[in-house]
Amino acid sequence: GAVVSQHPSRVICKSGTSVKIECRSLDFQATTMFWYRQFPKQSLMLMATSNEGSKATYEQGVEKDKFLINHASLTLSTLTVTSAHPEDSSFYICSAVRGSGAIEAFFGQGTRLTVV
Amino acid sequence: AQSVAQPEDQVNVAEGNPLTVKCTYSVSGNPYLFWYVQYPNRGLQFLLKYITGDNLVKGSYGFEAEFNKSQTSFHLKKPSALVSDSALYFCAVRDANTNAGKSTFGDGTTLTVKP
């Protein structure tokens, strides 16, 4: 099966600093990756769609300058939370698809971000 | 537009009993339907999907789901629940013509299986 690895699994950072989360497709080339945010006991909210070599497409209400997404290669997308604040604390999950006609997406393990 | 509803926040069953986690959906075109399970502080694990073909879909860990087009439902079932099945379950739907990452997720149902 397809494996998506997310790193780190947990991170604690100070308010005002930036933190980078990586999402890697380990055994396939991911033409598109997706970033979600999940609040406790809630569903996944799509934040942005990341295509290799182009700018990410952000969902309505998501601050693109706050959540920087880079998809520099077919196996790696990064989400950088800039100038983090406590309200950014959440569980962030990525997923990846292989090819435009892919039926399903494969999910990473998630990253628990805590901003103190 | 597409949407999915999981009407139960919580489902409690005794170990060994059958379980059902409900899901209904709305989509303008042909639906692709998915079930995922999430354990605490972990990502989503794929259980099963319906794309086309048989309405009864069998998936991982003994789970199955039945696609019912007339009732627009895709309920998750297991004949005999295990304590280790206790987790958060998400149903997801997308229109067959949309990108695989554009699924809409339900709010999740917490399944608790008691010994």
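All of the numbers you see were taken from the coordinates with simple rules; none came from a lab. Owing to the predicted nature of the structure, the values given are computational and were not obtained by experimental measurement. For neighbour counting, all protein chains shown are included, and Cβ atoms are generated from backbone atoms with ideal geometry for every residue, glycine included.
Using the alpha-carbon centroid of each, what span in Å lies between the stretch A:59-116 and the stretch B:8-64?
Centre-to-centre distance over Cα atoms comes out at 24 Å.
Could I have the simple spin-label model distance between A:ILE103 and A:SER54, label points 7 Å from Cα toward Cβ, reported in nm to one decimal?
2.6 nm
Let me have the relative contact order for the stretch A:1-42, percent, based on Cα pairs under 8 Å that are six or more residues apart. If you can, show how the numbers build up before the last one.
Working: 26 pairs, mean separation 19.1, N = 42.
Averaging sequence separation for qualifying contacts and normalising by length gives 45 percent for the stretch A:1-42.
Could you pull out every one of the lysines with an alpha carbon less than 29 Å from that of B:LYS77, ignoring same-chain neighbours closer than 8 positions?
Result set, ordered by chain and number: A:LYS41, B:LYS22, B:LYS49, B:LYS58, B:LYS69, B:LYS102, B:LYS114.
Net charge near A:ARG24: determine it from the other residues with C-beta under 15 Å of the C-beta of A:ARG24, scoring Lys and Arg +1 and Asp and Glu -1. Walk me through the numbers before you get to the answer.
Working: positive: A:LYS20, A:ARG98; negative: A:GLU22, A:ASP27, A:GLU52.
That works out to -1.
Where Lys and Arg each count +1 and Asp and Glu each count -1, what net charge lies around B:LYS114 among other residues with Cβ under 12 Å from its Cβ? Mind dumping the intermediate values first?
Working: positive: none; negative: B:GLU15, B:ASP85.
So the environment of B:LYS114 carries a net charge of -2.
List the lysines whose Cα sits under 20 Å from the Cα of A:LYS20, skipping any in the same chain fewer than 8 residues away.
A:LYS55, A:LYS64, A:LYS66
Tell me which cysteines of the protein assembly as shown come out unpaired when the rule is another cysteine's Cβ under 4.7 Å.
A:CYS13
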